[in-house]
Every structure is written in structure tokens, then in C-alpha cells.
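Notes follow the structure.
The values are calculated or read from the model by the stated rules, or taken from the named source; none is laboratory data. No experiment lies behind these values; they were computed from the predicted model shown. Glycine gets a Cβ as well: all are built from the backbone with ideal geometry, and neighbour counts include every protein chain shown. These area figures cover heavy atoms from the full protein model, side chains too; ligands, DNA and RNA do not enter into them. Shrake-Rupley method; radii C 1.70, N 1.55, O 1.52, S 1.80 Å.
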Amino acid sequence: MSDLFWLTDEQMERLRPFFPKSHGKPRVDDRRVLSGIIFVNRNGMRWRDAPREYGPHKTLYNRWKRWGDMGIFMRMMDGLSAAKAEPQTIMIDATYLKAHRTASSLRFKKGDPGRLIGRTKGGMNTRLHAVTDQNGRPLSFFMTAGRISDYTGASALLDSLPMAQWLLVDRGYDADWFRDALEEKGIRPCSPGRRSRGKPVKYDKRKYKRRNRIEIMFGRLKDWRRVATRYDRCPNVFFSAICLAATVIFWL
């Protein structure tokens, strides 16, 4: 099949430092298996429908599940972004990701912390909060149920913000406590105030126009069908798909 995806030698060299060490029997061809994992996630297909060129589908799934549990895909994104990011100006925003019935159909088990899926006007959703650099490339993610507000995501991401001069956010993040927390970190917020504010907030409108880059980032992430629609019940598995997509699209 001519439309299959294959990682290049250069891309493999960038990813290889994040691979876990092989103990005992050598692993099956990393390039073939990882390329198959990317192909399945990008096209939103079932693992059993993976093209034969990538080898047995059980091998693809087992590698995907094992590396996801180990946090390998998250470390890939964190490591590559730390080396190439330009965080002088950063941005925060959130988007909704539709949850398929296969992700939300079963009952919770006792003691289960939850699947991070909530019911909203648009149906069952997961909400993805993101921090990007000035070019709209993702630096970190935080996942919540769909009904959770922007403030919760902003609060969770606050401690992980890199040293930056400016933060571009929309008026949904306009809160005095958030502005005060940013000033304590030496970051200047660039955001219009809420319409309910009695006194308008002054901000750099020209700089604020660059915030559309984070919207473009979300759009490119959703080109991956397994990200745009959540098929996985386990939030860690779904988060691995998001980190893998961000790594391939923006950092390779």
C-alpha cells in the first residue's frame, strides 16, 4: 500500500533515546511497529484492521499498551519539546473531544477514579487543556471531564508553566486570582477582560491576535481520528494517543 506511514531514519534517531531498554529477547523492528502504531492512531481504525505490512496486530497493540503504561509517549513529547520549544510567549486554551459510546458505555468499577468523561450540551465529552509555545506547538496537556471549567485546567497547569514573558489567553481565563498567580511567576497576561467587569482591562491587541496559533494546533491534533473521537475507555491510553499525535505533528 503506497499510502502507509513510515518513520524516516532521522525521525527514528530523534525518538530512539526515549525507547525503553530491551531485556532478554530483542524487540521486534522498532521502526515497523512504531510506524504501525502511528498509522492506526491517525486513521482511527481498530488494531485488528492494521495493514499486514506492519506485522501482527497483536504486536502493535501490545507495544502500544505497554509503552503507554510506562509513559513512553508522554516522555517523547516532553523531551523533544524541551529541546526545541520557544517559550518566551506561551498560550493556554482548551477544546472538547467527543467520546464514542465504546469509551463511556460500561459502568464504573468500585474505586475507579473515573474516565474523565462528562455530559455536556454536545453529548459525552472529554476536555483537553493545553499549553503551547509562541508558535503554537504543545508543551503540556491536562485532561478533564467535558463539564470542567477553564479555571480548573488553568490551575492544574499553573505550576508547570515554563519561564515566559507573556501568556496569551482568551477572556474565559480572566480572573483576578489567575492574574495574580501569573504576576508572582513573572509572567504578564495578555487577555481581554470579561464583559461583566466594570472596568475594562487594557491589553496588547496586536500581540493577542497571535493566539489563533493554539486554535490551529487543536485543529491539527483533531486531524488524527483517534484524538478527535475518543474510543478508549482508559484515560491513560487516550492521553498517550494525544501525546503521540503532538510528537509526530509538531516535534519530529
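Phi-derived couplings, Karplus 6.51 cos²θ - 1.76 cosθ + 1.60 at θ = phi - 60°, listed residue by residue for region 186-201: x, 10, 9, x, 10, 7, x, x, 5, 5, 7, 5, x, 10, x, 9 Hz, with x used for Gly and Pro.
Please list 48, 42, 137, 226 in order of solvent-accessible area, largest first, computed with a 1.4 Å probe with all protein chains present. Working shown, then result.
Values: 48 160, 42 80, 137 45, 226 20 Å².
These residues rank, largest area first, as 48, 42, 137, 226.
In terms of accessible area, using a 1.4 Å probe and ignoring ligands and nucleic acids, 250, 73 rank largest first as 250, 73.
Provide 67, 177, 47 ordered by accessible surface of protein heavy atoms (probe 1.4 Å), highest first.
Numbers: 67 5, 177 115, 47 30 Å².
Reading off the accessible areas and sorting them downward yields 177, 47, 67.
The apolar share of the surface of region 1-43, taken as the fraction of accessible area on carbon and sulfur atoms (1.4 Å probe, ligands and nucleic acids excluded), comes to 50 percent. Couplings 3J(HN,Hα) for region 79-94, derived from phi with the Karplus relation 6.51 cos²θ - 1.76 cosθ + 1.60 (θ = phi - 60°), are x, 5, 5, 5, 7, 10, 6, 10, x, 4, 10, 10, 9, 10, 6, 9 Hz, where x marks Gly and Pro. Per-residue 3J(HN,Hα) values for region 12-23, derived from phi via the Karplus relation 6.51 cos²θ - 1.76 cosθ + 1.60 with θ = phi - 60°, read 5, 5, 6, 8, 4, x, 9, 6, x, 5, 8, 10 Hz in sequence order (x marks Gly and Pro). Close amide H pairs (under 5 Å, H built 1.01 Å from N) link residue 99 with 124, 125, 126, 230, residues at least 5 positions away or on another chain. Comparing 81, 178, 166 along the charge dipole axis of the chain, the residue lying farthest to the positive side is 178, per the Cβ-charge model.
Might you report the magnitude of the Cβ-based charge dipole of region 98-252 about its Cα centre, with Lys and Arg at +1 and Asp and Glu at -1, to the nearest 20 debye?
Details: 33 positive and 14 negative charges, 156 e Å.
Rounded to the nearest 20 debye, it is 760 debye.
Carbon-plus-sulfur accessible fraction, region 162-223 (probe radius 1.4 Å, protein heavy atoms only): 45%. In terms of its C-alpha gyration tensor, region 37-137 comes out oblate, because a/c is 1.5 or above while a/b does not outweigh b/c.
Once each part is reduced to its C-alpha centroid, what is the distance from region 55-70 to region 156-178 in angstrom? Between the Cα centres of region 55-70 and region 156-178 lies a distance of 36 Å.
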